[in-house]
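The values are calculated or read from the model by the stated rules, or taken from the named source; none is laboratory data. Just so it is clear, the model here is predicted, and its values are computed rather than measured. Because the Cβ atoms are built from the backbone with ideal geometry, glycine has one as well, and the counts that use them run over all protein chains shown.
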Amino acid sequence: MTRHRTGAPPSQLRPPRKETPVTTTAHDSPTDAPPDCAAQRRVLTVLVASQILSGAGLAAGITVGALLAQDMLGSTDLAGLPSALFTAGSALAAVGVGRVSHSRGRRPGLAAGYLTGAVGSAGVVAAAAAGSAVLLFVALFVYGAGTAANLRARYAGADLAAPAHRARAVSTVLVATTLGGVVGPTLAGPTGVLADTLGMPTLAGPFLLAGAAYGLAALVLLVWLLPDPLLLSRRLEAERHTATTATAPAPGAGRGPDLVLGTLTMILTQLVMVAVMTMTPVHMHDHGHGTTASGLVIGIHVGAMYLPSPLTGWLVDRYGRRTVAAASGLTLLAAGLTAAAAPAHSVAPLALALALLGLGWNFGLVSGTVMITDALPPATRAKAQGMVDVSIAVAGAAGGLASGVVVSVGGFPILALASGLLALALLPAVAATANSR
């Protein structure tokens, strides 16, 4: 009958709507929780503010830590010890930050790391004023907690991001460190003058800046990082899981290669980067360059570590995690070769080498972070990420500690060359995991 045809609702007059099939990429999962866009924008804004502050605190130890130890100990042999100590402290703090984040969320975990880093900065200043090497080493260990929090903030940026845009979310957090990380080393001179005015050793100045920067970063997170990205991602993931069928694959199923390669990528890039970076100021100092010159080179290096992050994020999302991981190994090799061949009296080639070193590290960190996040569901993500970062920090500590010995025995060019060749191990690792998928 057609008597009521003209009175039918419009929806009944239209042909059935064709459903678009849902597809997933190699790094996606049907059970990934949908992102909360408004919350993600707020989270990224707060993380950017805290990273700008913490970047300045992070740069202090990089710029003058080795010089301070060399000055107090009167030897180059242990000049790599400060880097090893605050990297080891970062490893221990990564466990603590991971556990707090797992149980209470990113906000209290990251804030606790920054506050601990501020306490360590104050301890370094006190050790320099008292001339106590033992207190210096203890304080540098505690100071490493700030490094752990600074790096772990990248995971918070990825918690609410859609899988296809995770690399760009991670890169947004990382690039925010650039401003503080670049400005921090250039303030080595002015903060040294401030330390002199206060009756403290000149090299303690940057750690005055670090203490204030880490304290402010913690305050920003405690006041404004709401909602907590990890806790919200868990809730969204639970809601999504409830809505899916029982036949949906489990989160992270079949992603063992991603987890292994992501971890290995970040371990190798951290080891190589820390080893060369740690001894560059010492190498420059031994060849007549002042604190301003070494601060400039380290500032360029830190800028290269973080500034290319938006481009790196786009490359990872566009061309894949493994491709950028392989590019990391090749870039670090170029950095090692350039540093080894750089004339000791010239700043420009060393600056180029350290820029390449930072870029290679950035490639490895962004691609590795996204592989790790892809492989882990929100329910277990924070704790597992903490253990991964422990491995990364231990690798950095080993690189920092061994760097002084290698330079003492064979010289800086040998260290740079060996580090670059070691980074090439990423290439067969990428090939092996690609074949295992």
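In segment 283-303, of all residues being more than 19 Å from residue 331 (Cα to Cα) and without any contact (Cβ under 8 Å) to a residue 60 or more places away in the chain, the one that is surrounded by the fewest Cβ atoms within 10 Å (Cβ to Cβ) corresponds to 288. When segment 384-415 is filtered for residues that are surrounded by fewer than 22 Cβ atoms within 10 Å (Cβ to Cβ) and more than 23 Å from the chain's Cα centre (by Cα), the ones remaining, listed by number, are 405, 406, 408, 409, 410, 411, 413, 414. Scanning segment 84-135 for residues that are assigned to a helix (DSSP H, G or I), among the hydroxyl-bearing types (Ser, Thr, Tyr) and closer than 30 Å to residue 196 by Cβ returns 87, 90, 114, 116, 121.
Quick check on my filter: what residues within segment 138-174 are within 13 Å of the chain's Cα centre (by Cα), closer than 14 Å to residue 114 by Cα and not small (Gly, Ala, Ser)? Of everything in segment 138-174, those that are within 13 Å of the chain's Cα centre (by Cα), closer than 14 Å to residue 114 by Cα and not small (Gly, Ala, Ser) turn out to be 147, 150, 151, 152.
State whether one or more residues within segment 119-136 are touching an Asp or Glu at 6+ places or on another chain (Cβ under 8 Å) and either at pLDDT 95 or above or basic (Lys, Arg) (or both). No, the conditions are met nowhere in segment 119-136.
Residues of segment 113-127 that are in contact with a Ser or Thr (Cβ under 9 Å, 6 or more places away or on another chain) and touching a residue at least 24 places away in the same chain (Cβ under 8 Å): 113, 114, 117.
For segment 158-168, the criterion of being touching a Phe, Trp or Tyr at 6+ places or on another chain (Cβ under 8 Å), in contact (Cβ under 8 Å) with a residue 12 or more places away in the chain, in a helix (DSSP H, G or I) and not acidic (Asp, Glu) is satisfied by at least one residue. Total residues in segment 304-361 satisfying the condition of being surrounded by fewer than 17 Cβ atoms within 10 Å (Cβ to Cβ) and hydroxyl-bearing (Ser, Thr, Tyr): the figure is 3.
For segment 193-236, the set of residues classified as of a type in the set (Ser, Thr, Tyr) and closer than 29 Å to residue 170 by Cα consists of 214, 233, listed by residue number.
Would you mind stating whether residue 139 is among the aliphatic types (A, V, I, L, M) and closer than 21 Å to residue 297 by Cβ? Answer is no for this residue. One residue alone among 149, 129, 161 is among the aliphatic types (A, V, I, L, M), out of contact with any Lys or Arg (no Cβ under 6 Å at 6 or more places or on another chain) and surrounded by fewer than 20 Cβ atoms within 10 Å (Cβ to Cβ), and that residue is 129. Quick check, is residue 226 farther than 26 Å from residue 316 by Cβ, out of contact with any strand residue (DSSP E or B) (no Cβ under 6 Å at 6 or more places or on another chain), not aromatic (Phe, Trp, Tyr) and not in a helix (DSSP H, G or I)? It is true that residue 226 is farther than 26 Å from residue 316 by Cβ, out of contact with any strand residue (DSSP E or B) (no Cβ under 6 Å at 6 or more places or on another chain), not aromatic (Phe, Trp, Tyr) and not in a helix (DSSP H, G or I). One residue stands out in segment 258-282 among those that are more than 19 Å from residue 90 (Cβ to Cβ) and surrounded by fewer than 24 Cβ atoms within 10 Å (Cβ to Cβ): the one that is farthest from the chain's Cα centre (by Cα), namely 282.
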